[in-house]
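None of the figures in this text is laboratory data; all of them are computed from the coordinates on show. Bear in mind the structure is a predicted one, so any value in this text is a computation, not a measurement. Every residue, glycine as well, gets a Cβ built from its backbone with ideal geometry; the counts of neighbours run over all protein chains shown.
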Amino acid sequence: MGKRIKIFFAICIAVFFVFLVVEVVWMINNPEAASLYIESAEQGNAEAQFQLGLCYKYGGKGLKRNNTKAVKWFLEAAKQDHVEAQYHLGFAYEYGKGVDRNDAEAVKWYRSAAKQGHADAQFHLGLCYANGKGMEQDNAEAIKWLSKAADQGHAEAREALAHLTH
């Protein structure tokens, strides 16, 4: 019975990834979707705001890459507690993508997403604590956040944790 369950789950995962790839290809190649996202985003839909931010960040759905517009839409979604938008906003502030680089703002948004369990945000927040980036350096807090990310299978967090604790 165990072998059948493993095969079943493997098939389910394969089907999921096929649908995911099809959706991503559709999103990239469907400029009409941008107008739907824009309309919904302007009406305050957090998911549409986030998706529109991604379209501007990576260039998709007929929209050209524009980090400033990406940040605008990530901010709108992040203010509504959209965890992925909060993470992307933290990344934008940390690396100066579409906004002036601001480590304290990056930490603010990473922390918001990290508290909601976002592994990448936990990892970046842990690194900020480890390096004193945007805050006082604090190894205990760095280990706390890196451990949370590592517990979710985040490989880079495990590596950073190994360097911090040895």
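Annotation note: GluC sites (Glu not before Pro) in region 76-166 located in DSSP loop regions with a Cβ neighbour count of at most 12 within 10 Å are GLU136. Can you spot the lysines whose alpha carbon is less than 19 Å from LYS61's alpha carbon? Ignore those fewer than 8 places along the same chain. Answer for LYS61, where 19 Å is the Cα cut-off: LYS69, LYS72, listed by chain and number.
Treating r as the C-beta distance of ASP103 and ILE7 and R0 as 45 Å, the FRET efficiency rounds to 0.40.
Taking 13 Å as the straight-line reach from the Cα of LYS79, the aspartates and glutamates in range (excluding those fewer than 8 positions away in the same chain) are GLU47.
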